[in-house]
Number of protein chains: 2
Amino acid sequence: MADTRDRLVAATAALFQRQGFNGTSMKQVTDGAEATTGSLYHFFPGGKDELAAEVIKTAGAGYLELFQVVTAAATSSTEAIALLFDGAAITLEQSDFVDACPIFTVALEVASVDESLRLACQTVFATWVATATTMFREDGMSPTAADDLATTIVAAIGGAFTLARTARDADLMRATGRSMTALVAAATTKAITPP
Amino acid sequence: MADTRDRLVAATAALFQRQGFNGTSMKQVTDGAEATTGSLYHFFPGGKDELAAEVIKTAGAGYLELFQVVTAAATSSTEAIALLFDGAAITLEQSDFVDACPIFTVALEVASVDESLRLACQTVFATWVATATTMFREDGMSPTAADDLATTIVAAIGGAFTLARTARDADLMRATGRSMTALVAAATTKAITPP
DNA sequence: TTCGCCCTAGAACGATCACTCTAATAGAAG
DNA sequence: CTTCTATTAGAGTGATCGTTCTAGGGCGAA
C-alpha cells in the first residue's frame, strides 16, 4: 500500500519532535511506522536525509495551513497572533510538552552540517515569514515594518517552544504571546492611523 | 594538567554549537580537546551526560556575564537590548553562522529524552529571564510585565538564532532586534509615565 | 631513592548506527 | 492462467557509538 510512505513520514515527524534528527534512528522510524527497512529505502532511496527533507517539507506545509486557518477565523491580525500562541500553549500542555515543531528542533542541529536539510528548513521558515508579512501588509503596514514583525513572530514562537518545553511550562508560551500580541496591536493601530 | 578539563568543556561547547548533543561524538570531543578517552572519563565519570551538563552550565554563566557587561555599558534597557541583538548578529556573521548558543541547540533535542540535561537547560534559561526581569523592574515595570518582557526577549533571541543560522542571514537577527527594542522602549516609557 | 597519587594512554567491548542486498510476495495487466 | 512491476521482508554489511579497563607516566613528599 502507498500509505506506508505516509506512515513513515508521520512516524519520523513524531520522533523528530522529541529527539531531533541525530537522536532518531532508522530502526525507531520503521518500528513507529510499522514498516520494514526494505520499504523505507524503497520510498526514500536517499536515506535519512531524503526522509528528513520530506518531513520538514510536509510539517512546514501543515503548520502553514494551520496558520491560515487560524488567521481566517480571526477578525484581526492581533487576534490571529493571540490565537496562534494560545493554541501552541494548549497543544504543548495536552501533549505533555512533546508536541513541538519538528522543524525548529531539527534546524539548529543540521544548519552547519547538512546543507540540503538546512535549505529545506530555510525554505519553510521563509514561507512562514512571507505569509505573515502578507497579512500585516493588508493591515496597511510598510513592507519593511511588516517583514520585521513577521520575522519576529516566527522567531518568538520558535524560541517560546524551546523555553516552554524545557521548563515544561506553557505559561512561557503565553507570556511570549502576550508580548507579541501587544506588539502587533501597536503596529497595526499605527499603520491604520498614520502620524 | 588541570586545564585538560577546561579544554574538554570548551571543545564540547564548540561542537554542540554546530552539531548539537546527539550529533557530537566523544571521539570528536577528545580530538578537539587534544585529550584522550582516559582523561575524559577521569574528569567526567558520568560520561557524555555529565560533560554536557557542565557545558550547559558554563556556557549559561558565560552568556549571563556577557549580558551583564552589555547592560552595564548601556544607558537604558532599550539600548541594552539593541546592543544585545546587534552583538549577536555580528557574532553570527564573523563566525560564518556557526557561533550560536549551544544551549538553545541542545535544549530541544534533550527536553523529552534526558531529564538531567533538561533541568540544566531550564536552570540556565530561568537565570537569564530572572536577570532581565530585574533590569526591567528597575525601570519601574510591574512584576508581571517585566517577567513577560524578559521571557519574550530570551525566546526571541533564541528563535532569531535559529532563523538567522538556518538562512545564513544575520539581518533576521537584526529585524528581531528592532522589534524587541521597540517593545522595550514602549514598555519602559509607559512604566516611567503611568496613565 | 621509593612511595603514592593524579592523570594519561589507547586497545578493546558489545551495542547500535545507516544502509545494502537478495528473495519473496502482491496485485494489476494481458 | 502468465507476466511484470511495485512493494515487503529481514538478514547481513562495515563503521562508529559511548564506555570500560588495564597499564604506565609524571611529579611531589618522605
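When A:Gly23, A:Gly46, A:Gly60 are checked against the criterion of being in contact with a Phe, Trp or Tyr (Cβ under 9 Å, 6 or more places away or on another chain) and near DNA strand C (Cβ under 10 Å from one of its atoms), A:Gly23 stands alone in meeting it. Just to be sure before I move on: is B:Ala53 small (Gly, Ala, Ser), closer than 26 Å to A:Ser25 by Cα and within 16 Å of DNA strand C (Cβ to nearest atom) in the structure I sent? So B:Ala53 fails the test.
No other residue among A:Gly32, A:Gly23 is of a type outside the set (D, E, K, R) and part of a helix (DSSP H, G or I) apart from A:Gly32. Across region B:21-58, the qualifying residues are those that are in contact with a helix residue (DSSP H, G or I) (Cβ under 8 Å, 6 or more places away or on another chain) and polar (S, T, N, Q), and the one among them that is nearest to DNA strand D (Cβ to nearest atom) is B:Thr37.
Assessment of region A:185-195 against the conditions (under 21 Å from B:Met173 (Cβ atoms), among the small types (Gly, Ala, Ser) and within 11 Å of chain B (Cβ to nearest Cβ)) yields at least one matching residue.
Search region A:1-20 for residues being farther than 11 Å from A:Val55 by Cβ, in a helix (DSSP H, G or I) and within 13 Å of DNA strand D (Cβ to nearest atom), and hand back the single one that is nearest to the other protein chains (Cβ to nearest Cβ).
Among them, the one singled out is A:Arg7.
Within region B:20-49, restricting attention to residues that are aromatic (Phe, Trp, Tyr) and under 22 Å from B:Thr105 (Cβ atoms), the residue that is surrounded by the fewest Cβ atoms within 10 Å (Cβ to Cβ) is B:Phe44. Annotation note: Cβ proximity below 6 Å between a residue of region B:22-49 that is in contact (Cβ under 8 Å) with a residue 24 or more places away in the chain and a residue that is within 9 Å of DNA strand C (Cβ to nearest atom) and in a loop (DSSP other than H, G, I, E, B) (sequence gap 6+ or interchain) occurs for B:Asn22/A:Asn22; B:Asn22/A:Gly23. Among the residues of region B:50-63, those identified as surrounded by fewer than 16 Cβ atoms within 10 Å (Cβ to Cβ) and either more than 12 Å from B:Val9 (Cβ to Cβ) or of a type in the set (Gly, Ala, Ser) (or both) are B:Ala61, B:Gly62.
I need a count of the residues in region B:140-184 that are farther than 22 Å from A:Leu172 by Cα, crowded, with 24+ Cβ neighbours inside 10 Å and either within 16 Å of the chain's Cα centre (by Cα) or more than 8 Å from chain A (Cβ to nearest Cβ) (or both). Number of matching residues: 2.
No lab work stands behind these numbers, since they all come straight from the coordinates. Just so you know, these numbers come straight off a predicted model, no measurement behind them. With ideal geometry, Cβ positions are generated from the backbone for all residues, glycine too; neighbour counts draw on all protein chains shown.
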